[in-house]
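Derivation of every value follows stated rules applied to the coordinates shown; laboratory data play no part. Model, not experiment: these values are computed from the prediction. Note: ideal-geometry Cβ built from the backbone for every residue, glycine included; neighbour counts use all protein chains shown.
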Amino acid sequence: MLIMDMDPVGVELLLSQGQLACPGYARPLAGWGHARPRRIRDRFGAVLPLRPRRARCPACATTHVLLPEAVLPRRADAAEVVGAGLEIAAGGWGHRRIAAELGRPADTVRGWVRRLGTRAETVRSLFTTVMVALADDPVPPSPAGSGMADAVVAVVAAAEAARRRWGQQGLLTWRFACRVSCGALLAPAADPG
Ligand SMILES: [Zn+2]
């Protein structure tokens, strides 16, 4: 799986120009149909149909799903929705209250928070490295009270550093996080992404 821009035309252009490389072999990927259609819920509960492009590496014959950065693998909610829940959880709210706030099932929200909890140090460490690389004068965030909260604070700090460095005020924190982590933000511990 590769994490791409939101723009499907841009993705086709990269494919047709041979500018998407297989992570294993650095050979250009070729278009290879589409992945199964899925439905993604946005912040306002709207359901967006999505049919991600698939590409195949001619060297190793692996196929890769080209997933837009707004989407986390195996999650039905857009990355910004999941991220909003994680930010609120980092602020100390329980999963039921967050679920009511976001209009999502409590079990779903609990799943996001627990999964990040199991990967907290990996995520914190990755995004702290990114923040240090992007910020002019990096200041490590102070401890936020839990491993999960520290991870969220690191993601938010890295996205803010990226907005400043690239002058992109519109850069969305959790799309950025999805891209930087290659979609593995909430991956199972054994799954590198
Ligand atoms: Zn390959």
Notebook entry, point to check: Within a Cβ distance under 13 Å of R110, other residues only, what is the Lys/Arg minus Asp/Glu net charge?
Noted result: +4
Note to self: Report, to one decimal in Å, the Kirkwood hydrodynamic radius for segment 2-68 based on all distinct Cα pairs.
What the structure shows: 12.5 Å
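Which value does Rg/Rh take for the chain over its C-alpha atoms, Rh per Kirkwood?
Using only Cα positions, Rg/Rh for the chain is 0.98.
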Item checked: Relative contact order of the chain, pairs being alpha-carbon contacts under 8 Å that are 6 or more residues apart, as % -> 19 percent
Next item on the list: Please determine, in degrees from 0 to 90 and to the nearest 10, the orientation of helix 120-134 with respect to the longest principal axis defined by the Cα atoms of the chain, where the helix direction is its Cα long axis.
Entry: 80 degrees
Check: Can you list the residues of segment 152-186 with backbone N under 11 Å from a point 7 Å past the Cα of A133, pointing along Cα to Cβ?
Finding: 180-181
Next item on the list: Bin width 5 Å, alpha-carbon pairs only: give the P(r) of segment 44-146 as whole percents, running from 0 to the bin holding the largest distance.
Entry: 2, 10, 16, 17, 16, 15, 13, 7, 3, 1
